[in-house]
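The next block holds one structure in the form of structure tokens; read it before the comments.
All of the numbers you see were taken from the coordinates with simple rules; none came from a lab. The shown structure was predicted, so the numbers you read here are calculated from the model rather than taken from an experiment. Methodologically, a virtual Cβ is constructed for each residue, glycine included, from the backbone with ideal geometry; neighbour enumeration extends over all protein chains shown.
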Amino acid sequence: MKNPLQELVSVSQYFGRDKSFVLAGGGNTSYKTEDRMWIKASGISLASIKADGFVFLSRDRLKAISTKKYSDQALAREHEVKMDLNAAILDNSTLRPSVETSLHNAIGYRFVVHTHPTIVNAMLCSVKAKEQCLSLFGEKALFIPYTDPGYILFKKVEAEINNFEKKWGEIPKVIFLENHGVFVGADSVEEIHLIYTNLIQKIENNFVDQMPSLQTIFLNKDVLKVVINSHRGFEGLIAMGFKSDLVDLFVSDKKSFEKVEKSFTPDDIVYCKAYYLFVQKIELLKESVEEYHRSYGYLPKVIALKNIGVFSIEENEKSARTVWEVFENILKISFYSENFGGPHFLNERQIAFIDNWEVENYRREMNKV
């Protein structure tokens, strides 16, 4: 007989090691019985997760979150929910359960795998996301308009699952979240794999243009020094520079860069911040960085220099590489989104919620370790 926890580890590593599904600490997975659940801890990488990377929880205590009254203030509410999630832990783990734990609990299948696939998000981060989702997958794939992650998203999805079950007599196996990702639930990991394969193939069949080459050139140290020296706040940080055919497509001029100048998803904000700086000339770099700093109150993690390349700036090489990988994914999503009407970014209010949320700041710090 298969060990379900080991199956959970295996399916988590499978999707976690494929960067077309998740990057950095993104995505989460779970397994549940009638009264217990194992879910990925917040900030833990799916790619290398072991059994001790999951948090063991009481489903009865989690269900109480659904009916409890919380604060009307967003940040206070999310703090209260976090405390109740921690109170549902059944072992001595010091890890945090994923912020999407209650959502996993509401999906009535043994296994749930939530990822942010580039191919799927090309549709979900497009201006025709809902229309295309319905066209490709019909009414039995549940589409959720963008909702702030955490408790509000859980309650929205919970209500939609209940409505779906009343209409169709079953719980949806696929839940699409606009500008976020997809949840897939099933009672076996084999079915999880099959559903994901079908999702990717259906969406890919609608692609017209081939992705430009992703072969990457690392930009030289002289240019990196210029970037680091552009603001005193960059002192002690690491800059990495990248160039490829895909990068060239978006950094050729300001209009092209506008298609990738803001974040598509919460994870983009966690790892790259919300806004990305385009500089017309290297001589304008210092002035542009200072203006960015005045506008947003923090320094950019991503800088694009016209016809030169993209630079990621972080505390260490690992984090700088993560910034680049997440931003490259933004480029891919924007390119593919043209098949579905073009890119659709998060708005200012949605960005502000993520940027100020303690849970996401925790994930940022976990990634730097």
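Projected onto its three principal axes, the C-alpha set of the range 4-204 covers 44, 37, 31 Å, listed from the longest axis down.
Once fully extended, how much extra length lies between residue 51 and residue 252, figured as 0.36 nm per residue of separation less the alpha-carbon to alpha-carbon distance? Walk me through the intermediate numbers first.
Working: separation 201, 0.36 × 201 = 72.36 nm, distance 4.63 nm.
Stretched out fully, the residue 51 to residue 252 stretch lengthens by 67.7 nm.
Comparing Cα centroids, the range 1-76 and the range 248-310 end up 33 angstrom apart.
Between residue 213 and residue 76, the simple spin-label model (points 7 angstrom out along Cα→Cβ) gives 5.8 nm. Could you work out how far helix 4-16 tilts from the main Cα principal axis of the chain, as a 0 to 90 degree angle to the nearest 10? So the helix axis and the longest Cα principal axis differ by about 20 degrees.
Modelled label positions at residue 58 and residue 280, each set 7 Å beyond Cα in the direction of Cβ, lie 6.3 nm from each other. Here the alpha carbons of the range 1-120 define both size measures, Rg and Dmax, at 14.3, 48 Å.
Stretch residue 287-residue 205 to full length: gain in nm at 0.36 nm per residue minus the Cα-Cα span? Provide the component values of the computation, followed by the final result.
On the way: separation 82, 0.36 × 82 = 29.52 nm, distance 4.46 nm.
So the chain would gain 25.1 nm between residue 287 and residue 205.
Here Rg and Dmax of the Cα atoms in Å was calculated from the structure, and among (1) 41.3, 137; (2) 25.0, 78; (3) 20.6, 66 it sits at label (3). One decimal place: the segment residue 66-residue 20 gains 13.3 nm when fully extended, by the rule 0.36 nm per residue minus the C-alpha distance. Structure note, pairs 167/202; 128/273; 221/262; 19/286: Cα-Cα distances above 31 angstrom occur for 19/286.
Based on the alpha-carbon set only, what is the convex hull volume of the range 217-368 divided per residue, in Å³?
Details: hull volume 16.1 nm³, N = 152.
Per residue, the Cα convex hull of the range 217-368 comes to 106 Å³.
Sum -39500 (n - 2.57) across every DSSP H segment of at least 4 residues in the chain, then divide by the residue count to get the 222 nm mean residue ellipticity, nearest 500.
Numbers: 16 runs with 170 residues, N = 369.
The helix contribution divided over the chain gives -14000 deg cm²/dmol.
Rounded to the nearest 10 degrees, the angle from helix 285-296 to the longest Cα principal axis of the chain is 40 degrees. Qualifying GluC sites (Glu not before Pro) in the range 1-95, where qualification requires a DSSP coil assignment and no more than 13 other C-beta atoms within 10 Å, comprise 34.
Considering only DSSP states other than H, G, I, E and B, which trypsin sites (Lys or Arg not before Pro) in the range 135-203 qualify as loop sites with at most 12 other Cβ atoms within 10 Å? Could the numbers behind the result be given before it?
Details: sites: 140, 155, 156, 166, 167, 173, 202; in loops: 140, 173.
When the trypsin sites (Lys or Arg not before Pro) of the range 135-203 are filtered for loop state and at most 12 Cβ neighbours within 10 Å, 140 remain.
The simple spin-label model puts a point 7 Å past each Cα toward its Cβ; for residue 338 and residue 245 those points are separated by 1.3 nm.
Between the Cα long axis of helix 317-337 and the first principal axis of the chain there is an angle of about 80°, rounded to the nearest 10.
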